[in-house]
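A.B. asks: Take a look at the following structure, please.
The values are calculated or read from the model by the stated rules, or taken from the named source; none is laboratory data. Keep in mind that this is a model prediction, so the values were computed, not measured. Quick reminder, even Gly has a Cβ in these numbers, built from the backbone with ideal geometry, and neighbours come from all protein chains shown.
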Amino acid sequence: MFNIGQWIAIEETDPRGRALYERHYSTHRYRDHRRITRFVGPGEPMVLLTPESDALFVWRKFIDASGQRGINCAIFRNEGPRLSSALIFEADDLAWQKWPGERLYTYVNAGKIRSTNPGYCFIKAGWQRCGFTKGGLIVLECYPANFRSDSTAPSSSVPSRSSKVSETPYCPTLALI
């Protein structure tokens, strides 16, 4: 386990992480009501939890059947007082430490969240919308070339990210989910 900034690394069987996962809109519930012990799907995970156990972030490197490439944010849930965008920004940095140079991406189901601006916390952390899946999920992405620490950023805000690089991103907008 490591502790960097606002996150600590935990195992995918940690009951504190599972409790947050079970309150996330994407939770898989079995028809026979059995309880899961591992709440992260296949692949190489990075599971992050705040010390107060009030926010969970899960990265997964796996072969995504939708055709998306990169490291997937499988779960993000924040029930605490910290800015979601600040938590995302720091989780991005940790992902790039583990998987240098990789594209980060996530899906947002606008119909399952209360926000009138789905994915806004990711956008405030420097992510961009890149399309929709065939099933209508919003696809958001972030590249390490977009990342830069900005020591001039106000302490009450999230560090800034530079503007989008000129490379054409990989984001199939009609991916199968």
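A.B. asks: Being aliphatic (A, V, I, L, M) and either closer than 24 Å to PRO42 by Cβ or under 13 Å from the mean Cα position of the chain (by Cα) (or both) narrows it down to one of ALA110, ALA95, so name that one.
C.D. replies: The conditions single out ALA95.
A.B. asks: Something else now. Considering only residues that are of a type in the set (A, V, I, L, M, F, W, C) and surrounded by fewer than 21 Cβ atoms within 10 Å (Cβ to Cβ), look in region 58-74 and name the one that is nearest to CYS121 (Cα to Cα).
C.D. replies: The qualifying residue nearest to CYS121 (Cα to Cα) is PHE62.
Matching residues to (1) of a type in the set (A, V, I, L, M, F, W, C); (2) crowded, with 19+ Cβ neighbours inside 10 Å:
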| residue | (1), (2) |
| --- | --- |
| PHE76 | yes, yes |
| PRO81 | no, no |
| ASP92 | no, yes |
| ASN117 | no, no |
| GLY126 | no, yes |
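A.B. asks: How about region 1-13: which of its residues are modelled with pLDDT of 85 or more and more than 11 Å from MET46 (Cβ to Cβ)?
C.D. replies: GLN6, ILE8
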